[in-house]
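Just so it is clear, none of the values below were taken in a lab; they were calculated from the coordinates. Remember, it's a predicted structure, so these values are computed and weren't measured experimentally. Don't worry about glycine lacking a Cβ; one is built from the backbone with ideal geometry, like all the others, and counts go over all protein chains shown.
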Amino acid sequence: MDSTGVDMLPKEYGYVVIVVAISGFFNFWMAAQVGKARKKYKVALPAMYALESENENANLFNCVQRGHQNSLEWMPLFLTFMTLGGIKHPVISSVLGVVYIVSRYFYFKGYSTGDPKKRLSVGMYSFGALIGLILTAFSCGIKILIA
C-alpha cells in the first residue's frame, strides 16, 4: 500500500497529471514566444505592453503579450477544475484538458497575428472545455458528498 495516498486515486488519474504537465510546457512555449516578440518588436522589460506612440509595432507585440497573459489569467481555473474533476472523471477530464490546451494554442496563434478576432476561430472551444471541466469538478464534489 502506498503511504502517500496516491493509491486512493484511480489509475487513470495519471492522464490528468500528464495533461497538467503538458499545460506547463505549453505555458513555457508561450512565454518564449513573448520573449521572441520582445526582441523582434524592440519592447524591453519591464514594459508589459508597448505604447503605440513609441512603437509602430505596438499592436503586434501587444497581441502576442495579451494572448499569453489571457492564458495565464485562465490557468488557475483550468488547473483547479482539471485536478478536481479528474479525481472521479480522469479520462473525461484528460480529454477536456487536451481540448482546452489545443484550443488555447489556436487562441494564442490567432491573437498573435495582430488581429484579436482571429483568436476565436478555434480558440473559442477552450471555453467549452473549461465548462466541461467545471462540471466534472462539480460532479466529483457531489459524488464525494453522497459516498
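Using 20 Å as the cut-off for backbone N distance, which residues of segment 76-103 belong to the label zone defined by a point 7 Å from the Cα of Lys11 along Cα→Cβ? 86-95, by backbone N distance to the label point. At R0 = 25 Å, how high is the FRET efficiency between Asn27 and Thr4 if r is their beta carbon distance? Nearest 0.05 is fine. My answer for the efficiency is 0.45. Spatial offset of segment 76-147 relative to segment 1-60 amounts to 15 Å, using the alpha carbon center of each.
For segment 111-121, the Karplus equation 6.51 cos²θ - 1.76 cosθ + 1.60, evaluated at θ = phi - 60°, returns couplings of 4, 5, 6, x, 10, x, 5, 6, 5, 9, 4 Hz by residue, with Gly and Pro reported as x.
Ordering Gly86, Leu60, Pro116 by Cα displacement along the dipole of segment 24-146 toward the positive end leaves Gly86 in first place; charges were set at the Cβ atoms of Lys, Arg (+1) and Asp, Glu (-1). The eigenvalues of the Cα gyration tensor, multiplied by 5 and square-rooted, give the chain an equivalent ellipsoid with semi-axes of 36, 15, 11 Å from largest to smallest.
Placing +1 on each Lys and Arg Cβ and -1 on each Asp and Glu Cβ, with no other charges, gives segment 9-142 a dipole about its Cα centre of roughly 260 debye.
For the set Lys11/Lys143; Lys36/Lys117; Lys42/Lys117, the pairs lying more than 20 angstrom apart at their alpha carbons are Lys36/Lys117; Lys42/Lys117. Taking θ as phi - 60° and the Karplus parameters 6.51, -1.76 and 1.60, the scalar couplings of segment 56-67 work out to 5, 9, 4, 4, 4, 5, 4, 5, 5, 4, 5, x Hz in sequence order, x denoting glycine and proline. Ordering Met124, Met8 by the number of other Cβ atoms within 10 Å of each residue's own Cβ, fewest first, gives Met8, Met124.
Sequence-ordered 3J(HN,Hα) estimates for segment 127-137 from the Karplus curve with 6.51, -1.76 and 1.60 and θ = phi - 60° stand at 6, x, 5, 5, 4, x, 5, 4, 5, 5, 5 Hz, glycine and proline given as x. Amide H contacts of Ala50: Asn62, each under 5 Å away and 5 or more positions distant or on a separate chain (H built 1.01 Å from N in the peptide plane; Pro and chain starts excluded).
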